[in-house]
């Protein structure tokens, strides 16, 4: 797949990239391989610039993919330079959506004879990107609580964070529009607005169970479940991917999503965005590509 070899991009100090896993990946990759550690701002773009003929291989999770895709977009190479992914993050939700093996050695081996799969991309009104999913409201607060627990609890940190955030949240008065059409009017409090390009967040929680990352549309899930009992029931069904069945959950699909109203935080691929009265994303179909297993 990589005529000029691979440039492996990862942070050796990251939680999921221990020395053993890293070496197993390098041993499994066939062909000419260069390794670039990224620890400081600008390291990713430098690695891409120094190895222009190589396929970037991400060693990490959705956050690292997010950073590499953002760098490729800034360089004007996103549409022409596919990436490989060896999932060594905490959640690895994008890999799950694409059928990339969660075993690092298997994922690395699959890169040699894989195929390119073209994917959609969400871009916000300030140029920020979303490769997998963004959630506004209680999900962002859950991620904030989980961040401090990840080194100790790993994937379980998401569940604990969700419990803490769910217990404290009273919801936000938000106006949501999809492709210019009002979906919520701001009079009723909203617990969460989820926008899925991929299916899951937090290591397998199906935020948008019917989403496909290459169908040209984003799946938008809005929950009004703000009472304590409703929040609990919503959380249980969310883990099972059955929350769209609830009467206080709205699901729509579109390419342009705007969220306005009370200042509210968002989480884009694990990157926390501060509370703001306005968030907006536009879906760009077939904007980038990932090497996936032939059957993926």
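List of remarks:
- Cβ-based exposure ranking for 55, 68, in which fewest neighbours within 10 Å come first: 55, 68
- Computed on the range 41-94, with alpha-carbon pairs under 8 angstrom and 6+ residues apart, the relative contact order is 46 percent.
- Annotation: extensible slack from residue 255 through residue 118 equals 47.6 nm (criterion: 0.36 nm per residue apart, minus Cα-Cα distance).
- Only helices enter this figure: runs of n ≥ 4 DSSP H residues, each worth -39500 (n - 2.57), summed and divided by the residues of the chain, yield -8500 deg cm²/dmol at 222 nm to the nearest 500.
- Angstrom value of the Kirkwood radius, inverse mean 1/r, which spans all Cα pairs in the range 6-113: 13.6 Å
- Relative contact order for the chain: 21 percent, from Cα pairs under 8 Å spaced at least 6 residues apart, divided by residue count.
- Counting only alpha carbon atoms, the long axis of helix 156-168 and the longest principal axis of the chain meet at about 20°.
- Shown for 257, 83: other C-beta atoms within 10 Å of each C-beta, ranked fewest to most, produce the order 83, 257.
- Quotient of Cα Rg and 2.2 N^0.38 Å for the range 207-296, N being how many residues it contains: 1.26
- Sorted by Cβ density within 10 Å, fewest first, the residues 258, 64: 258, 64
- Largest GNM mean-square fluctuation across 256, 241, 53, computed for the chain with C-alpha springs under 10 Å, falls on 53.
- Degrees separating the helix 19-28 axis from the principal Cα axis of the chain, which is the longest one: 60 degrees
- Helix 138-147 and the long axis of the chain differ in direction by around 50°, with both axes built from C-alpha atoms.
- Gaussian network model of the chain, springs between alpha carbon atoms under 10 Å - residue of 270, 91, 114 with greatest fluctuation: 114
- Largest mean-square fluctuation among 195, 44, 250, in a Gaussian network model of the chain whose springs join Cα atoms under 10 Å apart, belongs to 250.
We did not get these values from a lab; they are worked out from the coordinates using the rules stated. Note that the structure is a prediction, hence the values are computed from the model and not measured. Ideal geometry is used to build each Cβ from the backbone, glycine not excepted, and the neighbour counts take in all protein chains shown.
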